[in-house]
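Okay, so here's the structure we're looking at.
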Amino acid sequence: MTVIGEEGTTKLLLGNEAIARGAIEAGAHLVTGYPGTPSTEVIETLAAVAKETGMKVQWAVNEKVAVEVATGVAWTGLRAMATMKNAGLNVASDSVLSIAYSGTEGGLIFYVADDPATHAGMAEQDDRLFAKFAALPMLEPSDPQEAKEMVVAAFEISEKNKVPVMLRSTTNTAHMFGDVVFGPVKKLNRTPTYSRDIRRYTKAGPAWCMEQHASLIEKTKKAGKDADEFNRLELTDSKVGVITAGAPWNLLKEAMIRHGLNVSTLKIGVINPLPEEKIRKLLERVDSVLILEELEPLIEDYVLRILGEMGKKVKVYGKIDGTTSPVGEFDQAIVERALGKVLGKNLTPAVDPERQKLIEKAKSLSLRRPITFCAGCPHMGTYLSMLRAMRKLKYSREDVIITGDIGCTILGMNPPFDACWTEVAMGASIGLGNGFERSGIKKPVIAAIGDSTFYHAGIPALIDAVWNQTKIVVAVMDNSIVAMTGHQPTPGSGYTTTGEAAKAVKAEEIARGCGVEHVVVVDPYDVEKATEAFVEALQYNGPSVIVLRRLCAITAIRRKAIGKPLVIDEEKCTGCMTCVKTLSCSALVPVGKKVRINPDVCIGCRICAAVCPVKAIGEGSQHE
Amino acid sequence: MSEEFNCLIVGVGGQGGATLTNVIAEAATRKGLRGRMHETLGMAQRGGSVQVQIRLGSQVYSSFIPPGQADVLIALDPNEALRAADYIGKKTTIIMNTSGILPVSVLMGKDKYPDLNEEISLLKQLGKEVYAYDAYELAKQAGSIRAMSVVLLGSLARLNIAPLTRDELYQAMVDTVPKKYLQENIAAFKAGEKEIEKVLGK
């Protein structure tokens, strides 16, 4: 949904769209980041309206670069924001910690979207702890309206206290639609200025570093006070209190309405520094307190500390006593159970065992849908060729280690290919592969990595392979797009985030530049040539790079750059199901004892034609 | 919380769940209804399970529908309806497309797709009413299988169980779908309405 509109307009926005609107209202000069669920929509939303707003909106090559670019802008006195998913903050963390010491001039926000319950894979890391670790102020909204308000406030607070502010959400808030009332849009028209001040902007010597550290601690304290309006304390005469933050606040509020509860509540919006005064006020009032927070017991630990200082006995319900789990996200049932425990009441709806049996039966009948490659996905051609090359060289599946990486390429770990052995982090397929080779294990190693992942964090590991003379095959599966997160451009796409033409950075040129001597570029739709490329590379004594270049099928469909659907000659088809079992392409549909191609789904990639043992698959005209 | 309306949409990526969501959200926004909504898209661009939770009402805060509290379950795929059983309660009306998309395990011959008759009988025991028909076939007759989800929308509108009238949903659909696909979507919407009329005998 567009985030352009007059002040006072109400729109149903996604949490991330509301954050984008907040950046517009605050007059941000630049927003950058790296795609990662559930953070991606902020930049997508801003990119769609960049022409109208005049904002610079750019995907960065990785999160570390994004943070650095945003900071450079902010140090000239303009406003900037960098966006990333939880794992992205790990990549950026080196720069974030250092930048924190220097602070900022213009408003600077680092937005991180965490993912309890790992809807998008990866770790359930709780980045609220990161704010503490980096000593940076952190705000966390509960809904889209508050997310927008926090962005506007965070820019002000960051600027006033000269400190970057972290904004944290979780999947539930980032991907929740809610009503958002538009505020006024600031036109800042600032001129960038920057003066040399090495005492502030370098880390030369312990005295300056410690001075910067002490100043950071003070700034963060003040920033917390300035954001205190986001900590909402509602005291009642109840002896029970609940402290919560983020998405669980919505569940608490609903449970209170549903069951007519009258407990005291503190809804925390400032995660770092935690609002000591308001926490004390609530604790003074109650005999027992429930801490409703997802993942780590961050607030709970703090509450226990405050209680220790107060010398007051209050029963604390949270993670430590097992009232809630540090794993997964909360839902109504979890919150009602926890509230029931504190209140000594049963708030959980009665379960009819007969009915529950039926529900369990229904769920047991439903089949899993492991995500697979799209019809026409070039990665099918890559994995098919890789496995064929292994067979040609008489390797079994167990003989070759295939390290996987982040993005659509990792779907090669699933049936029917069952190819990848590992998935660690962006770019890790190559570094890990180097390690396997250097262990001396008698197995060749293939690193399977996407183009954007290669640019993001794969290049240093490739240089490491060259430098240390590692025999490894690196398959750069170049579909020229960040496919998994929704088709954002990469440095190799040839255009910018907002659609202007740009120089395409080519993986083969990088590989040669890094010193790799065996570099080939093939089309993964050409299974024969791609197989040959893997055969050669597996026999090459040194690091080799195969760039498998073919546009992502979904992007190709959107650009109408696809072939005609193929057809299966019913007379020739023996019903052996080799095509279905080898590729599981969604265009191949078993009908009776034979296979048909669904013309609505097939884009004519011809990979299945290379698989069919009786050559029954081809263009329609040949067969009709 | 009688004024609360919980609508759960389940299906497979690429089936048009997003269109349905946009139409209902647009209709609700126009009417000034307060709401919360949530999409679970997983990692899948295509082929994975997709779930959308739409909640309307002045007392709604979370975007999660509580177990057993769906007023309507719109299932674009029968297998996905089964997966959503936790949300079905005695008040749930189920509108379901019976033509399923086969998961990889079925394509590879390792699993059998759930038996439709067994499923419908189960859903009837769990929910209030079940309206199940081949919406792909109706969409094809209407002009394109792309409009499959709009067939189910037509049924929702005709059943008159949402806090949005038939005309409000219809108009939001007309204004939301791409102009070049408008005719097939209008035909699909009407086909969905007709399907309900057949059952209700009107």
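Computed values, structure above
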{"quantity": "When each of A:Lys581/B:Lys110; A:Lys361/B:Lys140; A:Lys615/B:Lys112; A:Lys278/A:Lys312; A:Lys162/A:Lys278 is checked by Cα-Cα distance, pairs over 21 Å", "calculated": "A:Lys361/B:Lys140; A:Lys615/B:Lys112; A:Lys162/A:Lys278"}
{"quantity": "Order of A:Val591, A:Val521 - criterion: other Cβ atoms within 10 Å of each residue's Cβ, fewest first", "calculated": "A:Val591, A:Val521"}
{"quantity": "Amide H partners (placed H, <5 Å) of A:Ile243, local residues excluded", "calculated": "A:Leu266, A:Leu290, A:Ile291, A:Leu292"}
{"quantity": "The stretch A:566-623 - Debye-derived log10 I(q)/I(0), Cα point model, q = 0.19, 0.30, 0.31 Å⁻¹", "calculated": "-0.55, -1.60, -1.73"}
{"quantity": "Principal axis box of chain A, alpha-carbon based, largest edge first, Å", "calculated": "81, 73, 55"}
{"quantity": "GluC sites (Glu not before Pro) within the stretch A:451-559: DSSP coil, no more than 15 neighbouring Cβ in 10 Å", "calculated": "A:Glu500, A:Glu517"}
{"quantity": "Eligible lysines near B:Lys198 by straight Cα distance, threshold 18 Å, same-chain separation 8 or greater", "calculated": "B:Lys190"}
{"quantity": "Alpha-carbon Debye profile of the stretch A:378-558, log10 I(q)/I(0) at 0.13, 0.14, 0.16 Å⁻¹", "calculated": "-0.57, -0.67, -0.88"}
{"quantity": "For chain B: relative contact order, % (alpha-carbon pairs under 8 angstrom, 6 or more apart)", "calculated": "21"}
{"quantity": "5 angstrom amide H check on A:Ile271, placed H, neighbours 5+ away", "calculated": "A:Met138, A:Leu139, A:Glu140"}
{"quantity": "The stretch A:516-624: trypsin sites (Lys or Arg not before Pro) in DSSP loop, at most 10 other beta carbons within 10 Å", "calculated": "A:Arg559, A:Lys560, A:Lys593, A:Lys615"}
{"quantity": "Cβ-based exposure ranking for A:Thr202, A:Thr382, in which fewest neighbours within 10 Å come first", "calculated": "A:Thr202, A:Thr382"}
{"quantity": "Which listed pairs, of A:Lys64/A:Lys203; A:Lys267/A:Lys315; A:Lys132/A:Lys341; A:Lys357/B:Lys91, have C-alpha distances above 25 Å, in listed order", "calculated": "A:Lys132/A:Lys341"}
{"quantity": "Chain B - share of DSSP beta bridges that are antiparallel (%, nearest 5)", "calculated": "50"}
{"quantity": "Least to most buried among A:Trp467, A:Trp421 (fewest other Cβ within 10 Å first)", "calculated": "A:Trp467, A:Trp421"}
{"quantity": "Debye, to nearest 20: dipole size of chain B, +1 on Lys, Arg Cβ, -1 on Asp, Glu Cβ", "calculated": "280"}
{"quantity": "Ellipticity estimate at 222 nm from DSSP helix runs (n ≥ 4, -39,500 (n - 2.57)) divided over chain B, nearest 500", "calculated": "-13000 deg cm²/dmol"}
{"quantity": "Estimated FRET transfer efficiency when R0 is 45 angstrom, pair B:Glu137-A:Asp352 (beta carbons, to 0.05)", "calculated": "0.80"}
{"quantity": "Sequence-separation-based contact order of chain A, relative, with Cα cut under 8 Å and 6+ spacing, percent", "calculated": "10"}
{"quantity": "Over chain A: helical MRE at 222 nm, DSSP H runs n ≥ 4 each giving -39500 (n - 2.57), nearest 500", "calculated": "-11500 deg cm²/dmol"}
{"quantity": "The stretch A:10-227: Cα Rg divided by the 2.2 N^0.38 Å rule of thumb", "calculated": "0.94"}
{"quantity": "Chain A: antiparallel DSSP beta bridges as a percent of all, rounded to 5", "calculated": "25"}
{"quantity": "Euclidean distance of C-alpha centroids, the stretch A:195-223 and the stretch A:459-532, integer Å", "calculated": "40"}
{"quantity": "Loop-located trypsin sites (Lys or Arg not before Pro) in the stretch A:382-484, at most 15 other Cβ atoms within 10 Å (DSSP)", "calculated": "A:Lys394, A:Lys442"}
{"quantity": "For chain B: rounded, prolate or oblate by the Cα gyration tensor [a/c cutoff 1.5]", "calculated": "rounded"}
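Only the coordinates and a few stated rules stand behind these numbers; no lab work does. What you see is a predicted model; the values in this text were computed from it and never measured. Here the Cβ is made from the backbone with ideal geometry for all residues, glycine too, and neighbour counts use every protein chain on show.
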